[in-house]
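The numbers here are math on the coordinates, done by the rules we state, and not lab data. Note that the coordinates shown come from a computational prediction; the quantities given were computed from them, not determined experimentally. Don't worry about glycine lacking a Cβ; one is built from the backbone with ideal geometry, like all the others, and counts go over all protein chains shown.
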Amino acid sequence: MILPVSTLFNAWFLAVLWVLGLPLFAVAHQHVLSRGAADTPAVALTFDDGPNPDATPQILTILEQAHVQATFFVVGRCAQAYPDLIARMVRDGDAVENHSWGHEKTVLELPRAFRRSLQRTARAIEAAGAPPPRYFRPPYGAYATWTVKQAQSLGERVVRWSVPLSGDWRQPGTDIIVQRSLAGVKSGGIVVLHDGDEGKLCAGTPACDRRQDIVATARLIGELQARHFRLVTIPTLFEEHPVSRNVARDPVPNHLRVDRSGHDGSSA
Ligand SMILES: [Zn+2]
């Protein structure tokens with residue numbers, strides 16, 4: 001099977017992180033959020049890589065009809081292209097947070113370029129009527145000490161996830177996305193889904209096809225509510241139910257958890 005160049009590059013990128021990772025990321029790990037308080041029966045649904053005019057409105061409608069809020073880690077160039085979707089998120093009470101300007105491999109960037117990416121995205125988010133972002137989810141979940149410090153200096157805390165990624169971007173089937181997401185969910189959990197594809201402006205093309213995520217969203221909401229979890233945004237999870245740093249951290253650096261959770265690093 002011939003793998004797309006982007007997939008091979010992403011695999012290489014994750015391999016480099018794996019080899020260099022522990023010493024490079026150990027310090028930064030102390031400041032990266034990955035789950036909320038374990039004694040709070042709340043779970044945060046998060047959507048990365050959009051907004052995307054094909055899928056995002058449908059996801060927003062599902063959230064609205066279920067009377068729940070979620071968090072959208074948006075890519076800046078998409079926020080700039082589709083400000084009406086950002087405005088709708090705000091009206092609905094959803095949180096709009098930072099996922100870089102162009103879904104870059106940020107740890108490979110120059111510090112100045114990384115800072116510009118976050119600032120440019122924040123400006124696009126604010127221009128669409130949303131509050132300044134206070135959280136940053138690094139593309140591919142990859143971070144380094146300096147990227148965490150830079151994000152914090154801009155008022156944005158770095159957040160990843162607690163539930164192992166379902167591989168939803170590969171469209172494995174709604175059943176699998178739901179099963180994998182539910183298998184790892186606990187109180188204070190953070191679930192990742194995707195309403196776009198690495199911030200591509202791909203409306204009307206297969207790259208923007210997120211039908212499985214749309215159906216999975218509706219099913220996950222029902223399943224999580226049946227388990228008596230309250231669905232909250234990332235700001236609510238961390239600000240209304242503050243956790244000690246030790247609770248928020250994983251015992252294993254999170255970037256090393258990427259491959260172990262069955263994720264090849266090609267998305268998130
Ligand atoms: Zn992403």
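Observations on the structure shown:
- Likely footprinting exposure, Arg219, Arg157, fewest C-beta neighbours within 10 Å first: Arg219, Arg157
- Proximal lysines to Lys200, defined as alpha-carbon separation beneath 22 angstrom and excluding residues fewer than eight positions away on the same chain: Lys105
- Nitroxide proxy distance, nm - points 7 Å out along Cα→Cβ at Trp146 and Gln119: 1.7
- Each residue of the range 37-44 was assigned a 3J(HN,Hα) from its phi angle through the Karplus curve 6.51 cos²θ - 1.76 cosθ + 1.60 (θ = phi - 60°); the sequence is 4, 6, 9, 10, x, 10, 9, 9 Hz, with glycine and proline shown as x.
- Fewest-first sequence of Trp161, Trp12, Trp146 by Cβ atoms within 10 Å of each Cβ: Trp12, Trp146, Trp161
- Under the shape rule built on the C-alpha gyration tensor, where the axes satisfy a ≥ b ≥ c, the range 35-260 is rounded, since a/c falls short of 1.5.
- Among Thr205, Thr40, Thr56, the ranking by other beta carbons within 10 Å of each residue's beta carbon, starting with the fewest, stands as Thr205, Thr40, Thr56.
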